[in-house]
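Have a look at the structure below, then the notes.
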There are 2 protein chains.
Amino acid sequence: MAQLRIALAQTNPTVGDLSANADRLISWTREAAGRGAHLVVFTEMFLTGYPVEDLVLRTSFVEASIRTLDEVARRLADEGLGELPVVVGYVDRANLAPRVGQPKGAPLDAAALLHRGEVVTRTAKHHLPNYGVFDEYRYFVRGDRLPIFRLHGVDVAIAVCEDLWQEGGPVAVVGQAGAGLLISPNASPYEKEKDDVRLELCARRAREAGCALVYVNQVGGQDELVFDGDSIVVDASGELVARAGQFQEELLIVDLDDLPVSDAEPGTYPYDAGDGSTITVERLVLSDEPVAPYPAQQATIAPRLDTHAEVYAALVLAVRDYVAKNGFDSVILGLSGGIDSALTATIASDAIGPSRVHVVLMPSRYSSDHSLTDAQELVRRQGVHSRVVPIAEIVNAYEKEIELSGLAAENLQARVRGMLLMGLSNQHGHLVLTTGNKSELATGYSTLYGDSAGGFAPIKDVPKTMVWELAKWRNANTLPGFLLDAERPIPENSITKEPSAELRPDQRDTDSLPPYEVLDRLLDDYVEKDMGSQELIAAGHDPDLVARVIRLVDLAEYKRRQYPPGPKITPKNFGRDRRLPITNRWRETT
Amino acid sequence: MAQLRIALAQTNPTVGDLSANADRLISWTREAAGRGAHLVVFTEMFLTGYPVEDLVLRTSFVEASIRTLDEVARRLADEGLGELPVVVGYVDRANLAPRVGQPKGAPLDAAALLHRGEVVTRTAKHHLPNYGVFDEYRYFVRGDRLPIFRLHGVDVAIAVCEDLWQEGGPVAVVGQAGAGLLISPNASPYEKEKDDVRLELCARRAREAGCALVYVNQVGGQDELVFDGDSIVVDASGELVARAGQFQEELLIVDLDDLPVSDAEPGTYPYDAGDGSTITVERLVLSDEPVAPYPAQQATIAPRLDTHAEVYAALVLAVRDYVAKNGFDSVILGLSGGIDSALTATIASDAIGPSRVHVVLMPSRYSSDHSLTDAQELVRRQGVHSRVVPIAEIVNAYEKEIELSGLAAENLQARVRGMLLMGLSNQHGHLVLTTGNKSELATGYSTLYGDSAGGFAPIKDVPKTMVWELAKWRNANTLPGFLLDAERPIPENSITKEPSAELRPDQRDTDSLPPYEVLDRLLDDYVEKDMGSQELIAAGHDPDLVARVIRLVDLAEYKRRQYPPGPKITPKNFGRDRRLPITNRWRETT
């Protein structure tokens, strides 16, 4: 039996910033070396960031990725880190002959082993996910090689991300070929309450592979996705050995004892992958001699956040990274006194600090007194920058030129507010945050080019009932790393008052929508669970409401397409993974 | 040798309108029967329309498709058309056990043979395209059955769309198994100058299959796609026998002589498909007896449109169908006096008639005299509805509340115009057409929520140089079906004057952009041909301009995502098939 100390580099790469990601690889490897690690494992496509979307179809981008990998291998050696093996994800190319329908240049979602200044071996993802947020048949061709390298006597196999999630393929081959450790670089986005699925999966695959498993996951926000880290180590029986924190960068060090020592012959061996394909195992040896016995460190098993803390932390990280990775210094949003904009402002203050948050109070002829006072109370509690811009005169100027009534007049007010925010954004360089929640967005209860105008939509995937829950949670809790230091940052009145868009006298959300408790349950069944109208009625939803809400949701598709990006916290959303034709005459209810 | 009269139903289905599509199948089959056809072939997924996107992930939608197929088979028999075999595309289900990453319910891009009130046999697309505008790994699982049915002694095989485009698979199996005729239902979108590729492909596959080939294509606009029809029949040597017109519905009748008579044994036979999979051929017999010899009709070979006519016809059809299929009666757009809005108005008048086109002239303090007079001249020539709404007072009202300068002030003017159009749209129910061209859109030379606000963008895929060409073409030409009857509908001055956004004094497009002849060539090489910066420079583009334009194009990604849908006329566009991460630090030029 042998020991190994593994460093899991749970990092936050920036898509496309190859040189910064390479620098980060060097510095984290240095830290791992300082902490006595025998192997460092980075995440899937760490050098390029993930997901890169159509960038990967550019030949020059793929070349830059391959070149950066070679350079970073040499730099590690030049900086005295060449003896410490590093596994890192990047984009490679399969060099297939071009054909119709194959991604240009046949890119691979690859991982490489770096050692002594060289790229020792390479592999690539075999199973290409193409569901939900994943689009990998568009971008990649499948890998068919599985490296197993001997490190201090222990055979270590590499399988990338999705290869853990599917039956057959690399994990099945590891089980047949035999290895002492399976490591897996990942870029697995956060989903509300996904954690246990992930641990269960790691445990199952460890037992299937017959060896310990090291699962290293990306952390950070990237456009619509937020990666939660939550890296995991399980032993060969599937028992949890170590776990990194959520939503934070971390170099997790774990000592594995009792790893089997191998004397398998180096060489290449074909295996039936059990999915209709053949995978070639490449066995190679870095070092045969086990490390001298050493006292193992106690492994960290980070405590899990509860659901509200987890979701809120995801939103904060998503905003922080979107602002930073897009080169903004500050954000601006409209503050109405209602709960949605109050929560959005608070998330922004926690993400980048209240001194970089600008709010605009834009009362109209229909605004109630408490709208202004509740908004002002939030400004006072949080210390964000604020200004008041009344919209009545601008609305009057439009109405002098064209006659508008009903919904058209309501929309105009929302649009004047949106254009004021965009004007201030263009003038001062703030990123505009929109404040719409998922319940509104789903049912189209928002104005195109009005409240939906902006650059990032922090709560677009948060149902209204959860908006209230998160506000209450935040008034009672904080987490390390939040940049807002305020007691009960959200005015109680914003949480408790009845929701209203205040676009006409005495308007209430319930004039147009069912109560949010009812609506959100129905939306969850229709959107997340994909129930049809008959199933929804059978599940106890009111038939008239089913018909009405489905119609609203399906007709709101066009508005949702023009909505700015925002973090996803549920398996399904209204973005890429619910895409209906705009010109569509089919109705779920007919 | 035997004869058959085939009816190619080149039709325009509406996505999701299953009952209307079914009605249309009945009426077209009746016409085919009246014209003596022995077989009618409809397009790919005709019963559901194509593409259906995430609708196909709804169980209830797939069930509705299967139910509609059964109903339409019975209705054909009930209405006395049961003896005429019909091949039609629809969505079926493979009934696979659910697994991670497989589309819910395992939908199939299917086609069926209907005869005597029954669904006689079913097949499904084997090769799933997942590039460019296609996303089929997300939606479908692959088919593995190839029916060959005997009709009046002739063995007829069915292969769906993409199965023609890939090596191996159904066509290769037809070649091995032997058939007298291969029919292929298609939904193949229009691309500028794609036609010859299509004919060449049909000819090659006919030779490979060793039999005549009937290629039936969808026609009509569906959101971002426009289908051009252009259905083709070639004989076993690949010679063109018949061809339908472009951009119009048509029942193309063709008499095929010299078809081989078969006595192959019915039954199921496995074949190696040459692509790593096995395809099961199902041979069945509808009728063994050849039809009595009859005098063949002269086949139609419709003349091809030239490039400008073809592109212009595509845009007209796209607008007409987007308006009709979304239930609008009328459109509205801003008319500036410039060429982009002039061309867009003309396309709209040709598509739905000038009496349903509303234009708004919105002069500002920076508008030149000719802007108003050129716009008024177009109104006079075309007879569209018009009104004048000056924007100065509204702009002043904003500027009283917030201070804006430079680009922020320019954007404000564009946004006021956009909001006026949206207000009139909401008030009167017109669809707002945007007027931006591809060169502007690519480089971000437009205002988010300003000139880009609207419901459909007719010329979003038309480079500026082609905007001028199309305007000149339209002033000299018309086509059957255009609803505008006007001599030289576009004022010459709009075509010849120098382009300007008129958002500040004496502004010219060339203040911000290179001359359009230079820009459009560079954009074509960068976007359509995917050249990297080194390749662009090697191809003779100015290095500074390459760096500048690439930066503009890559940074304009965010704006393009919020642009309304519009028809694609090139293989690559800035929509679904060029999707960069917004948070992306990689630059082609670094």
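Residues checked against (1) away from chain A (no Cβ under 11 Å); (2) assigned to a helix (DSSP H, G or I); (3) among the basic types (Lys, Arg); (4) surrounded by 23 or more Cβ atoms within 10 Å (Cβ to Cβ):
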| residue | (1), (2), (3), (4) |
| --- | --- |
| B:Ile394 | no, yes, no, yes |
| B:Lys400 | no, yes, yes, no |
| B:Ala409 | no, yes, no, no |
| B:Met419 | no, yes, no, yes |
| B:Asn426 | no, yes, no, no |
| B:Ser452 | no, no, no, yes |
| B:Thr465 | yes, yes, no, no |
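State yes or no: is A:Ile232 touching a Pro at 6+ places or on another chain (Cβ under 8 Å), touching a residue at least 24 places away in the same chain (Cβ under 8 Å) and either surrounded by fewer than 16 Cβ atoms within 10 Å (Cβ to Cβ) or not polar (S, T, N, Q) (or both)? Judged against the criteria, A:Ile232 is not a match. You will find that of A:Ser19, A:Ser65, A:Ser27, the residue that is in contact with a strand residue (DSSP E or B) (Cβ under 7 Å, 6 or more places away or on another chain), without any contact (Cβ under 8 Å) to a residue 60 or more places away in the chain and among the small types (Gly, Ala, Ser) is A:Ser65 and no other. Output yes when any residue across region B:132-149 is hydrophobic (A, V, I, L, M, F, W, C), in contact (Cβ under 8 Å) with a residue 24 or more places away in the chain, more than 14 Å from chain A (Cβ to nearest Cβ) and surrounded by fewer than 22 Cβ atoms within 10 Å (Cβ to Cβ), and no when none is. Checking region B:132-149: not a single residue is hydrophobic (A, V, I, L, M, F, W, C), in contact (Cβ under 8 Å) with a residue 24 or more places away in the chain, more than 14 Å from chain A (Cβ to nearest Cβ) and surrounded by fewer than 22 Cβ atoms within 10 Å (Cβ to Cβ). Applying the criterion of being assigned to a helix (DSSP H, G or I), among the aliphatic types (A, V, I, L, M) and within 12 Å of another protein chain (Cβ to nearest Cβ) to the residues of region B:321-355, the residue that is surrounded by the most Cβ atoms within 10 Å (Cβ to Cβ) is B:Val323. Scanning region A:78-136 for residues being more than 30 Å from B:Arg58 (Cα to Cα) and part of a helix (DSSP H, G or I) gives a total of 1. Quick check, is B:Arg488 touching a His at 6+ places or on another chain (Cβ under 9 Å) and at pLDDT 95 or above? When the stated conditions are applied, B:Arg488 does not pass them. The residues of region A:3-44 that are within 14 Å of chain B (Cβ to nearest Cβ) and either more than 24 Å from A:Gly327 (Cα to Cα) or in a helix (DSSP H, G or I) (or both), listed by number, are A:Leu18, A:Ser19, A:Ala20, A:Asn21, A:Ala22, A:Asp23, A:Arg24. Can you confirm whether B:Ala342 is closer than 23 Å to B:Leu412 by Cα and touching an Asp or Glu at 6+ places or on another chain (Cβ under 8 Å)? Yes; evaluated as a whole, the condition is true for this residue.
For region A:484-590, the helices (runs of 4 or more DSSP H) that sit wholly inside it and include 1 or more residues that are within 12 Å of chain B (Cβ to nearest Cβ) and either in contact with a Phe, Trp or Tyr (Cβ under 8 Å, 6 or more places away or on another chain) or within 30 Å of B:Ala20 (Cβ to Cβ) (or both) are A:533-538, A:543-555, A:557-561. Is there a residue being of a type in the set (D, E, K, R), buried (at least 24 other Cβ atoms within 10 Å of the Cβ), within 30 Å of A:Leu128 (Cα to Cα) and within 12 Å of chain A (Cβ to nearest Cβ) anywhere in region B:152-162? Yes, because at least one residue in region B:152-162 is of a type in the set (D, E, K, R), buried (at least 24 other Cβ atoms within 10 Å of the Cβ), within 30 Å of A:Leu128 (Cα to Cα) and within 12 Å of chain A (Cβ to nearest Cβ).
Would you mind telling me which numbered condition in (1) within 14 Å of chain B (Cβ to nearest Cβ); (2) under 27 Å from the mean Cα position of the chain (by Cα); (3) assigned to a loop (DSSP other than H, G, I, E, B) A:Leu55 fails? Result: A:Leu55 passes all but (3). Condition check for B:Val379 on (1) among the hydrophobic types (A, V, I, L, M, F, W, C); (2) facing another protein chain (nearest Cβ under 9 Å); (3) surrounded by fewer than 23 Cβ atoms within 10 Å (Cβ to Cβ); (4) closer than 30 Å to A:Thr583 by Cβ: one failure, at (2). Exactly one residue out of A:Ala313, A:Ala318, A:Ala302 is within 31 Å of the chain's Cα centre (by Cα), surrounded by 15 or more Cβ atoms within 10 Å (Cβ to Cβ) and within 27 Å of A:Ala157 (Cβ to Cβ), and it is A:Ala302.
Okay, residues lined up against (1) in contact with a Lys or Arg (Cβ under 8 Å, 6 or more places away or on another chain); (2) within 14 Å of another protein chain (Cβ to nearest Cβ):
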site: B:Pro85; (1), (2): no, no
site: B:Pro98; (1), (2): yes, yes
site: B:Ala112; (1), (2): yes, no
site: B:Arg116; (1), (2): no, no
site: B:Val120; (1), (2): no, no
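Taking region B:62-80 as the range and being within 14 Å of chain A (Cβ to nearest Cβ), buried (at least 21 other Cβ atoms within 10 Å of the Cβ) and touching a Ser or Thr at 6+ places or on another chain (Cβ under 8 Å) as the test, only B:Ser65 passes.
Among the residues of this structure, A:Val197 counts as one that is within 30 Å of A:Ala309 (Cβ to Cβ), at pLDDT below 95 and out of contact with any strand residue (DSSP E or B) (no Cβ under 7 Å at 6 or more places or on another chain). Screening the candidates A:Ala157, A:Ala179 for the property of being touching a strand residue (DSSP E or B) at 6+ places or on another chain (Cβ under 6 Å) and assigned to a loop (DSSP other than H, G, I, E, B) yields one hit, A:Ala179. Taking A:Gln246, is it buried (at least 22 other Cβ atoms within 10 Å of the Cβ) and either among the aromatic types (Phe, Trp, Tyr) or within 14 Å of chain B (Cβ to nearest Cβ) (or both)? Considered against the rule, which asks whether it is buried (at least 22 other Cβ atoms within 10 Å of the Cβ) and either among the aromatic types (Phe, Trp, Tyr) or within 14 Å of chain B (Cβ to nearest Cβ) (or both), A:Gln246 comes out as no.
The values are calculated or read from the model by the stated rules, or taken from the named source; none is laboratory data. These figures come from a predicted structure and were not determined experimentally. Don't worry about glycine lacking a Cβ; one is built from the backbone with ideal geometry, like all the others, and counts go over all protein chains shown.
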